[in-house]
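Please treat every number below as a calculation from the coordinates, not as lab data. All values reported here derive from a predicted model rather than from experimental measurement. Here the Cβ is made from the backbone with ideal geometry for all residues, glycine too, and neighbour counts use every protein chain on show.
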């Protein structure tokens, strides 16, 4: 019973998505499929980081009248950890940039060889 | 406490669908189906961020993860399809 | 065969790492010390109602500066890779007619989406939102425009100017913090204070810096979309 909390469940989901994404990266032959797997792993890692900052029963770290405040707007008793959220915020935008960059590479590779099979790109293989 | 149970239930439900969609995305033969599945995983991830009390992250993930990423994937798929035909 | 064993080993390694993480994890009931400090003093030191914004722009401002730099470098490399030949620039993208519904809806919705994006990044210190969210919302508006009209020409000059000016202004606001405040990217200047809590003109220079970040992110993502749209010409 103690394992069924919101933090545990979302952590489990994030871990599963990350492992499935890495499995896809390692086993797929199609370049587009590899980039898709990377996107799935990215979402999984972000869920893991955010759920590590979750505190049971607390609200979002935005101070307004709905949040219980102590003297001097001290809200440390009623909000979740804001640091992982700040990190994930930048991570998502960088993830978009990296995905767009990989797709540009994939497009260039496709125009060079007219195929998306990763096994055909064996110039640097040893 | 009741709200917490509702959130846990919703997380388990969305999580199961997400994992099934992840397998679909990796194994389906049609690339367009795989791209749409990934877009849905991002959308469900954004709902889970909201349940984890992170509205800022949820907004970013909804706009970028499930909107713009899907669009550029379809641009690449369209170009590949046109070149092959 | 050897390859499959290696893949299995890598995945088992990940599994072991994550298994440890999952078993050690306990549902937290209190904040960590650092987060406790931010939650206790953030509202008084920074003056912003949204603690995530306070951390992104001020406490960890270098992070944001590096992040917009990475996005800029990614956008530049994409521009370099998807460059068109000169005779392809004038081509028309062949596509089926877009539906009347999409065209009309985009004319109504695009200004509203831009307005919403500007609202989100200007109120980033008060409500959920900020530069990254507002910038990506503006980019979704651009995406709707180029979906409604596949041959829509985005004015790249305007995008480049917005991008450069907001990047320079971000760094300039940071340097102003060295001269007038307590250090690089400090949000409060001496003698000015943080303003009244909960109003638009509060939290020092955070609304200004985050607006520039929003414009920069919006311009960069629009630039990436523009390059992908143009790449459809060379088929």
Log entry: pair-distance distribution for segment C:75-170, C-alpha pairs binned every 10 Å from zero, whole % per bin is 13, 35, 34, 16, 2
Ranked by how many other beta carbons lie within 10 Å on average, peptides C:173-186, C:121-134, A:99-112, A:47-60 from highest: C:121-134, A:47-60, A:99-112, C:173-186
What's the ranking of C:44-53, A:23-32 by average number of surrounding C-beta atoms within 10 Å, highest first? C:44-53, A:23-32
Mind ranking B:31-44, C:206-219 by how tightly packed they are, going by the mean number of other C-beta atoms within 10 angstrom, highest first? C:206-219, B:31-44
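I'd like the mean, over residues of B:12-20, of how many other protein chain beta carbons sit within 10 Å of each residue's own Cβ.
On the way: counts 6, 0, 3, 8, 2, 0, 9, 5, 0.
Across B:12-20, the average partner-chain Cβ count within 10 Å equals 4.
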Residue C:69 versus residue C:14, label points 7 Å from Cα toward the beta carbon: distance in nm? 3.0 nm
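How much length would be gained if the chain were fully extended between residue A:70 and residue A:122, taking 0.36 nm per residue of separation minus their Cα-Cα distance, in nm to one decimal? Please list the in-between numbers first.
Values: separation 52, 0.36 × 52 = 18.72 nm, distance 6.38 nm.
Full-extension gain reported as 12.3 nm.
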Per residue of B:26-33, count partner chain C-beta atoms within 10 Å of its C-beta, then hand back the mean as an integer. 3
Express in whole angstrom the spacing between the alpha-carbon centres of segment A:72-126 and segment C:1-39. 20 Å
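How shielded is C:73-86 by partner chains, expressed as the average number of their Cβ atoms within 10 Å of its Cβ atoms? Each step should come with its number before you reach the end.
Values: counts 2, 9, 3, 0, 5, 8, 1, 1, 6, 5, 0, 0, 0, 0.
Mean shielding count: 3.
Suppose R0 equals 56 Å. What FRET efficiency, 1/(1 + (r/R0)^6) with r the Cβ-Cβ distance, do residue A:59 and residue A:115 give to the nearest 0.05?
Values: r = 52 Å, r/R0 = 0.92.
So, using R0 = 56 Å, E works out to roughly 0.60.
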For segment C:2-133, averaging the sequence separation of alpha carbon pairs under 8 Å that lie six or more residues apart and dividing by its residue count, the contact order in percent is 23 percent
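Based on other C-beta atoms within 10 Å, arrange B:11, C:99 from fewest to most. Kindly include the intermediate steps, with their values, before the conclusion.
Numbers: B:11 25, C:99 10.
Ranked by crowding around the Cβ, least crowded first: C:99, B:11.
Please tell me the relative contact order of chain A in percent, rounded to the nearest whole number, where contacts are Cα pairs under 8 Å and at least six residues apart.
26 percent
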So how much slack lies between residue C:26 and residue C:83, counting 0.36 nm per residue of separation and subtracting their Cα-Cα distance, in nm? 15.4 nm
In a solvent-free Debye calculation with one equal scatterer on each Cα, what is log10 I(q)/I(0) for segment C:18-115 at q = 0.15, 0.23 Å⁻¹, listed in the order of the q values? -0.97, -1.13
If you find the alpha carbon centre of segment A:1-63 and of segment C:77-147, how far apart are they in angstrom? 28 Å
